[in-house]
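Novice: Submitted below is the structure of interest, expressed as structure tokens.
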Amino acid sequence: MTENLSDSLALDATDRCIINTLQTGLPICERPYAAAAEQLGITEEGLLSRLSGLRDQGFISRLGPMFHAEKLGGGLTLAAMQVPDDAYEKVSTQVNAYTEVAHNYRRNHIFNMWFVLATETPEEIENVLVSIAEETGYPVFNMPKQEEFFVGLKLEI
Amino acid sequence: MDDLSDPERALVAVLQRGLPLVSHPYKEIGTRVGLTERQVIDCLSRWQADGMIRRLGVVVRHHELGYQANAMVVWDVPDEQVREVGRRLGEQQVVTLCYRRPRRLPDWPYNLFCMIHGQDRELVLQHLQSLIARCGLEDIIHEVLFSCRRFKQQGARCIEADRNDPLQVAKSLAIPGQA
């Protein structure tokens, strides 16, 4: 592995700088890309074309706001299940079929299925969890956030 | 959400799909929902100030950018220490998320969760060891859960307008425990 991980990727110094700077924030003004471009020392046109390239190559998924789910009025939680290996495929298909399931990761633990649920209202969380437990036949452990110490959500590229 | 007007609700739904790459993105977004550029800018500024928008910017794809390993590190911290330990963990640069969650005894004794991303597992474990030393967490029991496989990654969404358009909606919520 190289010292700088993006050396192995098709990213140059400007791309990295764009990603690192714009992860922190895009200005809220009439021409946000022009303002950001000035800060980066490139043109607005140049920034737009690089962003479009980074998106097309799959390095960034989107540009826009990250909402605070609870303040938006929605429900959000992390849930975990213990699923035997021979049932894993079937259960993951069942769980992923719920539109409320946003992320589902297999992890190396007896609790091996971890997924995030996002619902329109907080009350729906419980209903979905009950429904998943009934459909799959395995208990679902609800582990909602009780306190938040840090949400940096930023990776240095 | 109940406090939002109809155009504001529509604005949230449109914003969840991302900003267009044009010179005046807020103006273009506004025309889709019946708001002026100024109204969109005012809304966004207000939402950012009151925390409804955590941040507005680029959402990266970790895996594609070379962060192949992600570890959820879970800790069993005595309740009276959890806030202090959470704060200390949250200050560490390698930690991208840190939350207190309920124990589910007897199956699950851990009450503090944090995420560490890295190029590979070995590096993530190195980060973890130095973090333990720096924060003085040698006596706190922990486990490291690496992700083996990503089964589903789509944007979480709360707004009904997006229900019929799942492919268009990307990550627009700050997701706890996300990889």
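Quick note: the coordinates plus some simple rules give every number you see, no bench work behind them. The shown structure was predicted, so the numbers you read here are calculated from the model rather than taken from an experiment. When we count neighbours, we look across all protein chains shown, and the Cβ atoms used for this are built from the backbone with ideal geometry, even at glycine.
Novice: For peptide B:88-100, how many partner chain Cβ atoms fall within 10 Å of a residue's Cβ, on average?
Specialist: For peptide B:88-100, the averaged partner shielding equals 4.
Novice: How would you rank B:CYS135, B:CYS148, going from fewest to most other Cβ atoms within 10 Å of each one's own Cβ?
Specialist: Ascending Cβ contact count within 10 Å gives the list B:CYS148, B:CYS135.
Novice: Determine, for B:VAL82, B:VAL40, the number of other Cβ atoms within 10 Å of each Cβ, and report the residues in order from fewest to most.
Specialist: Ranking B:VAL82, B:VAL40 by Cβ neighbours within 10 Å, fewest first, gives B:VAL82, B:VAL40.
Novice: Would you please give the residues with an amide H less than 5 Å from that of A:LEU76, counting only those at least 5 places away or on a separate chain, with H modeled from the backbone geometry?
Specialist: Hits under the 5 Å cutoff: A:THR119.
Novice: OK, next. In terms of the Cα gyration tensor, with a ≥ b ≥ c the square roots of its eigenvalues, is chain A rounded because a/c is under 1.5, prolate because a/b exceeds b/c, or oblate?
Specialist: Cα axes put chain A in the prolate bin.
Novice: Residue by residue through the stretch B:44-51, what is 3J(HN,Hα) from phi via Karplus (6.51 cos²θ - 1.76 cosθ + 1.60, θ = phi - 60°)? Round to whole Hz and write x for glycine and proline.
Specialist: With the stated coefficients, the stretch B:44-51 comes to 4, 5, 5, 5, 5, 5, 8, x Hz.
Novice: Then there's this: For each of B:LEU44, B:LEU21, count neighbouring Cβ atoms within 10 Å of the residue's Cβ, then give the residues from fewest to most. Write out the running numbers ahead of the final one.
Specialist: Working: B:LEU44 22, B:LEU21 16.
Ranked by crowding around the Cβ, least crowded first: B:LEU21, B:LEU44.
Novice: Oh, and also: Report, by chain and number, residues whose modeled amide H sits under 5 Å from the one on A:GLU147, excluding near sequence neighbours (fewer than 5 apart, same chain).
Specialist: B:ARG100
Novice: Which loop-located GluC sites (Glu not before Pro) does the stretch B:1-83 contain, where loop means any DSSP state but H, G, I, E or B and the Cβ has at most 16 other Cβ atoms within 10 Å?
Specialist: B:GLU64
Novice: What's the percent breakdown of Cα-Cα distances in the protein assembly as shown across 20 Å bins, shortest bin first?
Specialist: For the protein assembly as shown, the binned pair fractions read 30, 58, 11 percent.
Novice: Taking a ≥ b ≥ c as the square roots of the eigenvalues of the Cα gyration tensor of the stretch A:75-142, is the shape rounded (a/c under 1.5), prolate (a/b larger than b/c) or oblate?
Specialist: prolate
Novice: Count the DSSP beta bridges whose two residues both fall in the stretch A:75-142, then state the antiparallel fraction as a percent rounded to the nearest 5.
Specialist: Here the antiparallel bridges make up roughly 100 percent for the stretch A:75-142.
Novice: I've got another one for you. Each residue of the stretch A:52-59 in turn: what ³J(HN,Hα) in whole Hz from Karplus with 6.51, -1.76, 1.60 and θ = phi - 60°, glycine and Pro shown as x?
Specialist: Once θ is set to phi - 60°, the couplings for the stretch A:52-59 become 5, x, 5, 6, 5, 7, x, 6 Hz.
Novice: Something else about it: For chain A, what is the relative contact order in percent, using Cα pairs closer than 8 Å and at least 6 residues apart in sequence? Numbers along the way, then the final one.
Specialist: Values: 162 pairs, mean separation 36.4, N = 157.
Reported relative contact order: 23 percent.
Novice: Quick one: 3J(HN,Hα) in Hz for the stretch A:15-21, Karplus 6.51/-1.76/1.60 with θ = phi - 60°, rounded, Gly and Pro as x.
Specialist: With the stated coefficients, the stretch A:15-21 comes to 4, 4, 4, 4, 4, 5, 5 Hz.
Novice: In addition: Taking H as built 1.01 Å from N, whose amide H comes closer than 5 Å to the amide H of A:GLU30, not counting residues under 5 places away?
Specialist: Amide H neighbours of A:GLU30: none.
Novice: From other protein chains only, count the Cβ atoms within 10 Å of every residue's Cβ in A:76-84, then give the mean.
Specialist: 3
Novice: Can you list the residues of the stretch A:48-88 with backbone N under 19 Å from a point 7 Å past the Cα of A:GLU126, pointing along Cα to Cβ?
Specialist: A:70, A:73-80
Novice: Antiparallel versus total DSSP beta bridges in the protein assembly as shown: what percent is that, nearest 5? The partial results should precede the final answer.
Specialist: Values: 49 of 50 bridges.
Roughly 100 percent of the beta bridges in the protein assembly as shown run antiparallel, per DSSP.
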